[in-house]
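**Student:** One structure, as structure tokens, below. Some questions next.
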Amino acid sequence: MMQKGGWVYILTNKRHTVVYSGVTSNLQGRMLQHLGKEYAQSFTARYNVNKLVYYCLYDSIEEAINEEKRIKGGSRKAKEALIGALNSSWNDLWLNDVCKW
């Protein structure tokens, strides 16, 4: 049986005051949901959190879920360090990378 991989991602808002981590098996589809505010009452929709600043693919969705739980449980400083290691300028990776796949 072939297992599907999983993505861990971090979003922020325009001013970088909010940091949100998530997990999905389909990063492009999930980003379109965030950008379109498909779930109007969700945290990301209410706080305009739709700028992709970090993402990482894991071999299995279970690995991704475990990593996302670890990230969620960490401090804001730890999340900022993770983002900084991949994307020190906090550029929108959706515009620069993912939507071009």
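The values are calculated or read from the model by the stated rules, or taken from the named source; none is laboratory data. A quick note: this is a predicted structure, and the numbers were derived from the prediction, not measured. Here the Cβ positions follow ideal geometry from the backbone for every residue, glycine too, while neighbour counts run over all protein chains shown. Only protein heavy atoms, including side chains, enter the accessible area calculation; ligands, DNA and RNA are left aside. Shrake-Rupley method; radii C 1.70, N 1.55, O 1.52, S 1.80 Å.
**Student:** Please state the relative contact order of the chain as a whole percent: Cα pairs under 8 Å, 6+ residues apart?
**Tutor:** Working: 150 pairs, mean separation 34.6, N = 101.
It comes to 34 percent, rounded to a whole number.
**Student:** Can you give the charge dipole size of the chain about its Cα centre, rounded to the nearest 20 debye, using +1 on the beta carbon of Lys and Arg and -1 on the beta carbon of Asp and Glu?
**Tutor:** On the way: 14 positive and 9 negative charges, 96 e Å.
I would put it at about 460 debye.
**Student:** Once the dipole of region 1-56 is set up with Lys and Arg at +1 and Asp and Glu at -1 on Cβ about the Cα centre, which of Val23, Asn48, Gly36 lies farthest towards its positive end?
**Tutor:** It is Asn48, whose Cα lies furthest towards the positive end.
**Student:** Expressed as a whole percentage, what fraction of the accessible surface of the chain belongs to carbon and sulfur atoms when a 1.4 Å probe is rolled over the protein heavy atoms?
**Tutor:** On the way: 3160 of 6130 Å².
Of all accessible area on the chain, carbon and sulfur atoms account for 52 percent.
**Student:** Grab the other residues whose beta carbon is less than 15 angstrom from that of Glu38, score K and R as +1, D and E as -1, and report the net. Walk me through the intermediate numbers first.
**Tutor:** Numbers: positive: Arg30, Lys37, Arg46; negative: none.
With Lys, Arg at +1 and Asp, Glu at -1, the net is +3.
**Student:** P(r) of the chain in 5 Å steps, Cα pairs, percent per bin?
**Tutor:** All Cα pairs, binned at 5 Å, distribute as 2, 13, 24, 26, 22, 10, 2, 1, 0 percent.
**Student:** Taking the alpha-carbon distance from Lys77 and a cut-off under 29 Å, which lysines remain once sequence neighbours fewer than 8 residues away in the same chain are dropped?
**Tutor:** Once the sequence-local lysines are set aside, what remains near Lys77 is Lys14, Lys37, Lys51, Lys69.
**Student:** Compute the FRET efficiency between Leu32 and Lys77 as 1/(1 + (r/R0)^6), taking r as their Cβ-Cβ distance and R0 = 25 Å, and round to the nearest 0.05.
**Tutor:** Values: r = 30 Å, r/R0 = 1.21.
Approximately 0.25, to the nearest 0.05.
**Student:** Run the simple label-point estimate for Asn96 and Ser60 please: 7 Å along Cα→C-beta, distance reported in nm.
**Tutor:** In this crude spin-label approximation the distance works out to 3.2 nm.
**Student:** Within straight cross-link reach of Lys4, meaning Cα distance under 18 Å, which aspartates and glutamates are found once same-chain residues fewer than 8 apart are removed?
**Tutor:** Candidates past the 8-residue exclusion: Asp59, Glu62, Glu63, Glu67, Glu68.
**Student:** May I pose another question? Return the calculated 222 nm mean residue ellipticity for the chain, to the nearest 500 deg cm²/dmol, obtained by summing -39500 (n - 2.57) across DSSP H runs with n ≥ 4 and dividing by the residue count.
**Tutor:** Roughly -11000 deg cm²/dmol at 222 nm, from the helical runs in the chain.
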